[in-house]
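Q: The structure's right below; bear with me while I get my questions together.
Laboratory data are not the source of any read-out in this text; all were calculated from the coordinates shown. Quantities reported herein were computed from a predicted structural model and do not represent experimental measurements. Ideal geometry is used to build each Cβ from the backbone, glycine not excepted, and the neighbour counts take in all protein chains shown.
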Amino acid sequence: MPFSISISQLSEVLVATPKGLAKSANNYLITGVSTDTRSIRCGDLFVALQGSNFDGHEFVQTAVAKGAVAVVTGKDLGSQVGEEIPQFVVKDTLQAYQAIAQWWRNQLTIPVIGVTGSFGKTTTKELIGAVLATQGKVLKTQANYNNEIGVPKTLLELNLEHDFAVIEMAMRGRGEIALLSKIVQPNIGVITNVGTAHIGRLGSVEAIAQAKCELLVEMPKDSVAILNADNHLLMATAERLWQGKTVTYGLENGDLQGQLVDGQTMMVEGIKLPLPLPGRHNAQNYLAALAVAKVLGIDLTQFSQGLTVQLPEGRAKRYDLPNDLVILDETYNAGLESMVAALHLLAQTPGKRHIAVLGTMKELGVRSAQLHFQVGETVKQLNLDRLLILVDDPETQEIANGAAGIPCECFTNHQAILDRLKKLVQPGDRILFKASHSVALDKVVNQFRELV
Ligand code: ATP
Ligand code: MG
């Protein structure tokens, strides 16, 4: 059964009485919820959201013409909405949308897993999805539907055929994870780690830890927390804020501990498991997924034959090019901890020379210069063969300072870096590309792949 709600149920959820409702229609069913007239379906409720670049109220008539059977608006649109179409006028249409999603989530009794953390949310969500797909039908957040609009959108796609839901929950500031957690009501709440990503916004790692742990504070008290025991700040903060059931995981600590055998396998509770994704950080993410499996009573031996996981672009993506060239495309995003993780992955990739092509990590506020310097220090510590930097912020230069002693060149545009790479590469090279998304290093990756 897909989504359905009657007009009278909706009146209760929104604590609002619709205008323009024909009495006979009081109990007809709405069979979906849409905020976008490009994808609206007949029988849907249209919720007019207001963003910085758009106003859903301008599309109400189109929505009705395309089959919307009721609308939620922030102002009374009067006769613009057809006479027979119930119009719920509410103070905040986004809150209304979230309330409907929360109501629908509560109609279903399937396990819902919420995932947050500074790094590895999407990766862990995909790994949990892959683990659970061996048992039944899984609904996962798609693309970047991990915020105050995307999360309710995902929940509204739940139907009775689903056996599990895995919801990524992202934040920009305090209070946002709390809001999402209230809507999602996770039965299992996973926090992958706490780090310096976007520290410019929250000011300190302690504040970030507190904000991530809002997931636990707002989830039902009988839910299970799954926490990365290798992350001490996360553990200390969670201990203060969560007294409920907890399962921890890690490569150094935790109830569920993994021992890396080599780059390809990990021992967990005496079972040899192939790693679905490369790198130590992804082994940790996999442990989070295995912890979810354990909580749900799934036998881990099922995964001894391996698990296939397809990540979205720009994360741990390996391209094997002609002439024994390998590219590691990590251009989706970057923060200190993810840079360090990716640089280790590069260093551990067998090959002749190891080259890092790095760019700015954004939103680091006053810590920016120091964190860029630390990235450089990691390059030095790993003794990489060469460093190319796309400098578009003064602080980015600090990577070069931190890496003093490693052959390093700085560039100010994508073309210059591409031209240099063309001349530089040799068979056997392993090249990592990583920067924040807005730096658009993926353009260089794509052009470089076409060239060689
Ligand atoms: P966003 O906040 O942008 O949604 P995310 O938390 O969903 O990011 P992913 O997209 O899974 O994170 O991964 C982004 C990058 O973070 C990866 O490319 C990788 O470099 C790094 N990463 C993934 N998992 C971890 C981890 N457990 N620890 C450190 N870095 C990680
Ligand atoms: Mg993500």
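Q: Lysines within cross-link reach of Lys362: Cα-Cα under 30 Å, excluding same-chain residues under 8 positions apart?
A: Output for Lys362: Lys121, Lys125, Lys140, Lys153, Lys182, Lys212, Lys317, Lys380, Lys422, Lys423, Lys434, Lys443.
Q: In whole Å, what is the distance between the alpha-carbon centres of the stretch 30-108 and the stretch 342-402?
A: 47 Å
Q: Now, a different point. Per DSSP helix of 4 or more residues, -39500 (n - 2.57); summed, then divided by the residues of the chain. What does that give at 222 nm, rounded to the nearest 500?
A: Dividing the helical sum by the residues of the chain leaves -10000 deg cm²/dmol.
Q: Given R₀ = 22 Å, what would the calculated FRET efficiency be for Gln95 paired with Val366, taking r from the Cβ atoms and rounding to 0.05?
A: Calculated value: 0.05.
Q: If I model a spin label as a point 7 Å beyond the Cα along the Cα-Cβ vector, how far apart are those points for Gln135 and Asp262 in nm?
A: In this crude label model, Gln135 to Asp262 measures out at 3.2 nm.
Q: If eta is 1.306 mPa s and T is 10 °C, what Stokes-Einstein diffusion coefficient results for the chain, Kirkwood Rh from Cα pairs, in µm²/s?
A: The estimated diffusion coefficient comes to 67 µm²/s.
Q: For a quick check of your reading of the filter: which trypsin sites (Lys or Arg not before Pro) in the stretch 56-160 sit in a DSSP loop and have no more than 15 other Cβ atoms within 10 Å?
A: Those that pass, being in a loop and sparsely packed, are Lys75, Lys91, Lys137.
Q: For the stretch 239-385, compute Rh as the Kirkwood radius over C-alpha pairs and then the Stokes-Einstein diffusion coefficient at 4 °C and 1.567 mPa s; write the answer in µm²/s, rounded to an integer.
A: 75 µm²/s
Q: Which net charge results when you count Lys and Arg as +1 and Asp and Glu as -1 among the other residues whose beta-carbon is under 10 Å from that of Thr31?
A: 0
Q: Starting from the Cα-Cα distance between Val217 and Cys42, subtract it from 0.36 nm times their residue separation and give me the gain in nm to one decimal.
A: 59.1 nm is the gain from fully extending Val217 to Cys42.
Q: Next question, about the same structure. Assuming R0 = 25 Å, what is the FRET efficiency of Lys75 and Asn53, from their Cβ-Cβ distance, to the nearest 0.05?
A: Rounded to the nearest 0.05, the efficiency is 0.85.
Q: By a straight-distance test (C-alpha under 16 Å), which lysines pair with Lys19 as possible cross-link partners, with residues fewer than eight away in the same chain excluded?
A: Lys75, Lys91
Q: Give me Ser436, Ser304, Ser11 sorted ascending by neighbouring Cβ count inside 10 Å, so fewest comes first.
A: Ser304, Ser11, Ser436
Q: Right, another one. I need the phi-derived Karplus couplings for the stretch 49-62: 6.51 cos²θ - 1.76 cosθ + 1.60, θ = phi - 60°, integer Hz, Gly and Pro marked x.
A: For the stretch 49-62, the Karplus curve yields 8, 10, x, 6, 10, 8, 9, x, 4, 6, 10, 4, 5, 4 Hz.
Q: Counting other Cβ atoms within 10 Å of each Cβ, which chymotrypsin sites (Phe, Trp or Tyr not before Pro) in the stretch 20-126 have at most 16 and sit in a DSSP loop?
A: Tyr28, Phe54
Q: Now, a different point. Relative contact order, percent, of the stretch 68-154 when contacts are C-alpha pairs under 8 Å separated by at least 6 residues?
A: Reported as a whole number, the value is 22 percent.
Q: How much FRET efficiency would the formula 1/(1 + (r/R0)^6) give for Asn401 and Asn446, where r is the Cβ-Cβ distance and R0 is 51 Å, rounded to 0.05?
A: 0.95
Q: Still on this structure, I have one more. Determine how many Å³ per residue the convex hull of the Cα atoms of the stretch 298-396 encloses.
A: That works out to 157 Å³ per residue.
Q: Pulled fully out, how much extra length does the chain show between Ser6 and Tyr28, if you take 0.36 nm times their separation in residues and subtract their Cα-Cα distance?
A: So the extension gain works out to 7.4 nm.
Q: Dipole magnitude of the chain about its Cα centre, charges +1 at Lys/Arg Cβ and -1 at Asp/Glu Cβ only, in debye to the nearest 20?
A: Computed charge dipole of the chain: roughly 200 debye.
Q: Please sort by residue number the trypsin sites (Lys or Arg not before Pro) in the stretch 167-221 whose DSSP state is loop and whose Cβ has at most 15 other Cβ atoms within 10 Å.
A: Taking the stretch 167-221 and a limit of 15 other Cβ atoms within 10 Å, the loop trypsin sites (Lys or Arg not before Pro) found are Arg172, Arg174, Lys221.
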